[in-house]
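Working notes for the structure below.
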């Protein structure tokens, strides 16, 4: 199997989710550090325009969104499992709740004006202004991410962590006696809070949660090797999409494999990726693209949170 290449930047919370899973599974991976803001001229040929972070590249296969990234990692590196026996549905349900509701709560906390200023103030005025403009473009055409008032978000955060604190009084991990995907989905949200000087003290009342976060951080990030973006692009160009045997189903009306389609997020970063539909299931889909810089690539997306339209 081609090597794992993660396109990410240090402050990305969803990237931290994947990096922590690398550590949990003890994998070796290549790190391509990307800019936290657009443009990303060496990544866009690979993704077809998808701009959210992170992106996992495996040869000429490109996985967008941590839902399909974690599913691929579980298939490629099944031990230790992210979905322990008999807990798969509960784990996935809790992970999805953390990646949506808890994520929006912590974004409201960490991007309220005083908290955002503390983070952006470390960048310098010019870069801070560019970052703010970039994030405004990311949520263009949507209600935005920080939709909760900070005081409401603080109450919901305390409620969520109080429940987690109570759970950790009887189990070592979020869902029972072993780590699971649910732990990583919760952890990366709290990691963002922990690294913001304005809101990090919101974690102080929850001693068991803080101890659990130390255990999570203890997994590390696996074996990381740096890779230049130019080399990652060349590796995509020199590879072919991996052989797949997927039975398509749950297709949008009027769409079949082989058809020209676009795939677009439905929440934010509403940039369509165009290609030929390769497969489509209830859980995931992929398009094949031919790019003059990247060659033929297959770009994978989850079905949840994305829309498929005829091109």
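Which one of 296, 289, 215 is at pLDDT 95 or above and surrounded by 16 or more Cβ atoms within 10 Å (Cβ to Cβ)?
Values: 296 fails: surrounded by 16 or more Cβ atoms within 10 Å (Cβ to Cβ); 215 fails: surrounded by 16 or more Cβ atoms within 10 Å (Cβ to Cβ).
Every option except 289 fails the conditions.
Return yes or no: is residue 104 under 19 Å from residue 196 (Cα atoms) and surrounded by fewer than 21 Cβ atoms within 10 Å (Cβ to Cβ)? First the steps, then the outcome.
Numbers: under 19 Å from residue 196 (Cα atoms): yes; surrounded by fewer than 21 Cβ atoms within 10 Å (Cβ to Cβ): yes.
Yes, satisfied.
Exactly one condition in (1) closer than 22 Å to residue 190 by Cβ; (2) free of Cβ contacts under 8 Å to residues at least 40 places away in the same chain is false for residue 128; which is it?
(1)
What is the one condition in (1) within 30 Å of residue 150 (Cα to Cα); (2) in contact with a helix residue (DSSP H, G or I) (Cβ under 8 Å, 6 or more places away or on another chain); (3) outside any loop (DSSP other than H, G, I, E, B) that residue 198 does not satisfy?
(3)
Out of (1) assigned by TED's automatic domain parsing to the domain that holds residue 75; (2) over 20 Å from the mean Cα position of the chain (by Cα); (3) over 24 Å from residue 35 (Cβ atoms), the odd one out for residue 207 is which?
(1)
Output yes when any residue across segment 68-88 is in contact with a strand residue (DSSP E or B) (Cβ under 6 Å, 6 or more places away or on another chain), surrounded by 19 or more Cβ atoms within 10 Å (Cβ to Cβ) and at pLDDT 95 or above, and no when none is. Please lay out each step first, then the result.
Of segment 68-88, the ones in contact with a strand residue (DSSP E or B) (Cβ under 6 Å, 6 or more places away or on another chain) are 68-69, 72.
Among the residues that remain, those that are also surrounded by 19 or more Cβ atoms within 10 Å (Cβ to Cβ) are: 68-69.
Filter again for at pLDDT 95 or above, leaving 68-69.
Within segment 68-88, one or more residues are in contact with a strand residue (DSSP E or B) (Cβ under 6 Å, 6 or more places away or on another chain), surrounded by 19 or more Cβ atoms within 10 Å (Cβ to Cβ) and at pLDDT 95 or above.
Considering only residues of segment 258-284 that are in contact with a helix residue (DSSP H, G or I) (Cβ under 9 Å, 6 or more places away or on another chain) and over 22 Å from residue 135 (Cα atoms), which is surrounded by the most Cβ atoms within 10 Å (Cβ to Cβ)?
Filtering first and then ranking leaves 284.
Which residues, taken from segment 234-251, are in contact with a strand residue (DSSP E or B) (Cβ under 9 Å, 6 or more places away or on another chain) and outside any loop (DSSP other than H, G, I, E, B)? It would help to see each step written out before you state the result.
At the first step, the residues of segment 234-251 found to be in contact with a strand residue (DSSP E or B) (Cβ under 9 Å, 6 or more places away or on another chain) are 235-242, 244, 246-251.
235, 236, 237, 238, listed by residue number.
Can you tell me how many residues within segment 253-289 are without any contact (Cβ under 8 Å) to a residue 60 or more places away in the chain and part of a loop (DSSP other than H, G, I, E, B)?
Looking only at that region, the number is 10.
Only one of 1, 38 is touching a residue at least 24 places away in the same chain (Cβ under 8 Å), more than 16 Å from the chain's Cα centre (by Cα) and within 20 Å of residue 145 (Cβ to Cβ). Can you tell me which?
On the way: 1 fails: within 20 Å of residue 145 (Cβ to Cβ).
On inspection, the qualifying residue turns out to be 38.
The values are calculated or read from the model by the stated rules, or taken from the named source; none is laboratory data. Since the structure is predicted, the reported quantities are computational estimates derived from the model, not experimental observations. Every residue, glycine as well, gets a Cβ built from its backbone with ideal geometry; the counts of neighbours run over all protein chains shown.
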